Amino acid sequence: MKKHFRTIAKTALVLIYLVIIAGAVVRMTGSGMGCPDWPKCFGYYIPPTQASDLDFKANHDYKKGIVIIKNEGLLVAETAFKSSQKIDLNNWKPYTKHDYATFNAVHTWVEYINRLAGALSGIPILIFTIISFWFWRKNKWITILSILTVFGMAFQAWLGKTVVDSNLAPHKITIHMVMALVIVAFILYIIFAAKTRFKNQIIDSKFKNILLFAILLSLIQIILGTQVRHHVDEQVKSIGYIKELWMQNPTLQFYVHRSFSFVVFFTNAWLYIRNRSLALGYNKITLALICIIFEVISGIAMYYFDFPFLSQPLHLVIATVLFGIQFYVYLENRRKSIFISKER
């Protein structure tokens, strides 16, 4: 199994990115509250498909935790029971964590698929964490970070619950996004540290320092982007899906986010030029620059062409891919220090 360790870790990384994509689609479609409870969805492991499934039913066997919608509110079955002809409120308690009580089948299943993808991504993480104990003598950090990834996934799941309970509080969504990037960084380190073959690359301190600055810029941009997205969400709530009006009165975060994109581009362009001129061998920096170009294009499309279909999730996903590429190049650039600590 040890020889398949990196393959399993790469599978986990792909699944984490699929979860990020699913989360971006959730936000694009406004499906964040498609399942108003957690970890189940309206009290079910497999969610309902139509609104009538959430109506009170006479002579029906209800299990504990099942949710119904009554008088524009959510009611939760306190115990397992069989209903009579009329609803007996003694068997139910109001759901008090939030007041969102709307069923939309599309939103429910989009959010459910997002949760399912998150659960699926945990399987290879558990597998490579078990295998990582075979690396303990060779590199303790592989085992330590594998364990931290498991705890990170558990924390991420808990964060998902708090996001739903808070009815999509913006700061919690931001923390949720940042935690996903932390997990990506953990897995990338694990994949890199378990390598046995390496390309001929020159360790350049100036390149490394500017790359660290570029990674910081990417993180700031992603955080600012979540704030801009929250503004769009609020616009959707207030004026509906009239896309041409969403950015009529942008927030300060939008202008900072847009201005920072120039800094991000020129910083990564410098890295690209230095890598080429000194033949450092970090070919993935070209992919980073391509990601930034697509980021700029999708940003322009959203602002000037009224949010074309899929432009929002693509903008977010490309940003997270950019972060992953930059972080992996950083690991390549500090390879000597990583393997010196490993030998110790």
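Name the residue, out of ILE144, ILE175, that is among the aliphatic types (A, V, I, L, M) and in contact (Cβ under 8 Å) with a residue 12 or more places away in the chain.
ILE175
Yes/no per residue for (1) open to solvent by 70 Å² or more (accessible area, probe 1.4 Å); (2) more than 30 Å from ALA194 (Cα to Cα); (3) of a type outside the set (Ser, Thr, Tyr):
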residue	(1), (2), (3)
TYR45	yes, yes, no
ASP53	no, yes, yes
LYS63	yes, yes, yes
LEU75	no, yes, yes
LYS86	yes, yes, yes
PRO94	yes, yes, yes
TRP134	yes, no, yes
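Which residue pairs have Cβ atoms closer than 8 Å, lie 6 or more positions apart in sequence or on different chains, and pair a first residue in the stretch 179-198 that is over 20 Å from ALA319 (Cβ atoms) and touching a residue at least 40 places away in the same chain (Cβ under 8 Å) with a second residue that is among the β-branched types (Val, Ile, Thr) and not in a loop (DSSP other than H, G, I, E, B)?
Every condition considered, the pairs that remain are ILE190/ILE142; ILE190/THR149; PHE192/ILE338; ALA193/ILE142; ALA193/ILE338; ALA194/ILE142.
Which condition number does ILE292 fail, the rest of (1) over 22 Å from the mean Cα position of the chain (by Cα); (2) surrounded by 14 or more Cβ atoms within 10 Å (Cβ to Cβ) being met?
So the condition that ILE292 fails would be (1).
I'm told GLU111 meets every condition in (1) under 24 Å from VAL150 (Cα atoms); (2) of a type outside the set (Gly, Ala, Ser); (3) open to solvent by 30 Å² or more (accessible area, probe 1.4 Å) except one. Can you identify the failing condition by its number?
Exception for GLU111: condition (3).
Against the definition (of a type in the set (A, V, I, L, M) and open to solvent by 60 Å² or more (accessible area, probe 1.4 Å)), how does ALA80 come out, yes or no?
yes
Here's a check for you: in the stretch 138-184, which residue that is open to solvent by 30 Å² or more (accessible area, probe 1.4 Å) and not in a helix (DSSP H, G or I) is nearest to VAL228 (Cα to Cα)?
In this case the residue turns out to be LEU168.
Please state which one of PHE186, PHE155 is under 15 Å from VAL329 (Cα atoms) and at pLDDT 90 or above.
PHE186
Given the criterion touching a residue at least 24 places away in the same chain (Cβ under 8 Å), hydrophobic (A, V, I, L, M, F, W, C) and in contact with an Asp or Glu (Cβ under 6 Å, 6 or more places away or on another chain), identify the matching residue among CYS41, CYS35.
When all the criteria are applied, what remains is CYS35.
Answer yes if at least one residue in the stretch 213-226 is outside any helix (DSSP H, G or I) and among the aromatic types (Phe, Trp, Tyr), and no otherwise.
no
GLN235 - would you say it is in a helix (DSSP H, G or I), in contact (Cβ under 8 Å) with a residue 60 or more places away in the chain and either under 25 Å from GLY30 (Cβ atoms) or not acidic (Asp, Glu) (or both)?
Here the answer is no, as GLN235 does not meet what is asked.
Taking LEU322, is it more than 23 Å from TYR17 (Cα to Cα) and open to solvent by less than 20 Å² (accessible area, probe 1.4 Å)?
no
Would a scan of the stretch 77-98 turn up a residue that is assigned to a helix (DSSP H, G or I) and either among the polar types (S, T, N, Q) or in contact (Cβ under 8 Å) with a residue 24 or more places away in the chain (or both)?
yes
Checking ILE20 against (1) part of a helix (DSSP H, G or I); (2) open to solvent by less than 60 Å² (accessible area, probe 1.4 Å); (3) β-branched (Val, Ile, Thr); (4) more than 20 Å from ARG229 (Cβ to Cβ), only one condition comes out false. Which one?
(4)
Could you grab me the full set of residues in the stretch 295-316 that are open to solvent by less than 40 Å² (accessible area, probe 1.4 Å), more than 20 Å from LEU216 (Cβ to Cβ) and either in contact with a His (Cβ under 7 Å, 6 or more places away or on another chain) or among the aliphatic types (A, V, I, L, M) (or both)?
Matches in the stretch 295-316: SER298, ALA301, MET302.
Among what's in the stretch 260-289 and is assigned to a helix (DSSP H, G or I) and farther than 22 Å from LEU216 by Cβ, pick the residue that is most open to solvent (accessible area, probe 1.4 Å).
By that ranking, first place goes to ARG276.
Among the residues of the stretch 185-207, which ones are of a type in the set (Lys, Arg) and either in contact with a strand residue (DSSP E or B) (Cβ under 6 Å, 6 or more places away or on another chain) or open to solvent by 60 Å² or more (accessible area, probe 1.4 Å) (or both)?
Those that are of a type in the set (Lys, Arg) and either in contact with a strand residue (DSSP E or B) (Cβ under 6 Å, 6 or more places away or on another chain) or open to solvent by 60 Å² or more (accessible area, probe 1.4 Å) (or both): ARG197, LYS199, LYS206.
Exactly one of (1) under 17 Å from the mean Cα position of the chain (by Cα); (2) at pLDDT below 90 is unmet by THR96. Its number?
THR96 satisfies all of (1) under 17 Å from the mean Cα position of the chain (by Cα); (2) at pLDDT below 90 except (1).
Please work out which residue is nearest to the chain's Cα centre (by Cα), limiting yourself to the stretch 214-259 and to residues that are of a type in the set (Phe, Trp, Tyr) and crowded, with 16+ Cβ neighbours inside 10 Å.
Result: PHE254.
The values are calculated or read from the model by the stated rules, or taken from the named source; none is laboratory data. Everything numeric here is computed off the predicted structure, so don't read it as measured data. When we count neighbours, we look across all protein chains shown, and the Cβ atoms used for this are built from the backbone with ideal geometry, even at glycine. Keep in mind that these areas ignore ligands, DNA and RNA; they rest on the heavy atoms of the full protein, side chains included. Shrake-Rupley method; radii C 1.70, N 1.55, O 1.52, S 1.80 Å.
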